[in-house]
Amino acid sequence: KNQVEQSPQSLIILEGKNCTLQCNYTVSPFSNLRWYKQDTGRGPVSLTIMTFSENTKSNGRYTATLDADTKQSSLHITASQLSDSASYICVVRGVAPLTGGGNKLTFGTGTQLKVEL
Amino acid sequence: EAQVTQNPRYLITVTGKKLTVTCSQNMNHEYMSWYRQDPGLGLRQIYYSMNVEVTDKGDVPEGYKVSRKEKRNFPLILESPSPNQTSLYFCASSLSARPGQGAWGYTFGSGTRLTVV
């Protein structure tokens, strides 16, 4: 069964500090992996997308890494801000069979990050 | 502005009273999908649509119906809501979800918080 596991489940850090969120997946065959940021009560918003051949990708203070061999990804947040407080969701897209069904998404349960003064 | 619009944002209803949650996108996306989000479970797919008049079940379709008569609209119908359908619902769309079109991102709506009493 395709699964996406994220750790830690929740995290509290002080403003200005860095943090790293982890994502392990078993989805195969693999198409791509995205990290989403979800503010409370809002829809997820994409931060980065990683395909099989990419190891690192940055978006401002967010840097995602991918090791397709070990099926692991991380999201590193640099110089955290209060506005970074949100749930961060790892989403892995598998490759559906050519017979149809579309490319399947498997969602992690998210890491709840709180940034405090 | 490119967006996915869901209505209503909040809804409280009684068991058995039919309801419809609307979803509309203005990006000419082929693919649309409904998810529910429950604490500790992540987002789970209810139904999806690859294009007009093409819909299929996701992981948790029981108790739900959908239709895709027009490209822009993808309503979610609960014929006889029950308390276990109390959840946060998200509609999402993507340009395409066909095999080989894996890099297209998903745009999520702002969510509908449904309470069934």
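Listed residues B:SER49, B:SER93; which is buried (at least 20 other Cβ atoms within 10 Å of the Cβ), within 13 Å of chain A (Cβ to nearest Cβ) and in contact (Cβ under 8 Å) with a residue 60 or more places away in the chain? Explain how you work it out, then say what you get.
Values: B:SER49 fails: in contact (Cβ under 8 Å) with a residue 60 or more places away in the chain.
Step by step, each of B:SER49, B:SER93 is checked, and only B:SER93 is buried (at least 20 other Cβ atoms within 10 Å of the Cβ), within 13 Å of chain A (Cβ to nearest Cβ) and in contact (Cβ under 8 Å) with a residue 60 or more places away in the chain.
Would you check which residues across region B:41-62 are outside any strand (DSSP E or B) and aliphatic (A, V, I, L, M) and list them?
Matches in region B:41-62: B:LEU41, B:VAL52, B:VAL60.
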**Q.** Lone qualifier among A:PHE52, A:PHE107 - being within 14 Å of another protein chain (Cβ to nearest Cβ), hydrophobic (A, V, I, L, M, F, W, C) and exposed (fewer than 13 other Cβ atoms within 10 Å of the Cβ)
**A.** A:PHE52
Q.
Within region B:28-38, does at least one residue satisfy the condition of being modelled with pLDDT of 90 or more, surrounded by fewer than 17 Cβ atoms within 10 Å (Cβ to Cβ) and assigned to a loop (DSSP other than H, G, I, E, B)?
A. yes
(Q) I'm trying to understand the selection: among the residues of region B:9-39, which are under 15 Å from the mean Cα position of the chain (by Cα) and β-branched (Val, Ile, Thr)? (A) B:THR20, B:VAL21, B:THR22
Q) Residue check, B:THR15 against (1) over 28 Å from A:GLU5 (Cα atoms); (2) within 12 Å of another protein chain (Cβ to nearest Cβ), all met but one. Which one? A) (2)
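Given region A:44-83, what strands (runs of 3 or more DSSP E) lie entirely inside it while holding 2 or more residues that are of a type in the set (Ser, Thr, Tyr) and closer than 27 Å to B:SER33 by Cα? Steps first, please.
Working: elements: A:45-51, A:56-59, A:62-67, A:72-77.
Result: A:45-51, A:72-77.
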Q: State which residue pairs qualify: first residue over 14 Å from B:VAL116 (Cβ atoms) and inside region B:71-84, second residue in a loop (DSSP other than H, G, I, E, B) and of a type in the set (A, V, I, L, M) in any location, beta carbons under 9 Å apart, and separation of 6 or more residues or different chains.
A: B:LYS71/B:VAL52; B:ARG72/B:MET27
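Of all residues in region A:20-43 being assigned to a strand (DSSP E or B) and of a type in the set (Ser, Thr, Tyr), which is nearest to A:LEU75 (Cα to Cα)? Outline the logic, then answer.
Going through region A:20-43, the residues assigned to a strand (DSSP E or B) turn out to be A:20-25, A:30-38.
Of the ones still in play, those that are also of a type in the set (Ser, Thr, Tyr) are A:20, A:25, A:31, A:36.
Details: A:THR20: 6, A:TYR25: 14, A:SER31: 18, A:TYR36: 10 Å.
Within region A:20-43, the match that is nearest to A:LEU75 (Cα to Cα) is A:THR20.
The values are calculated or read from the model by the stated rules, or taken from the named source; none is laboratory data. Please read these numbers as outputs of a predicted model, since none were measured by experiment. All Cβ positions, glycine included, derive from the backbone under ideal geometry; neighbour counts span all protein chains shown.
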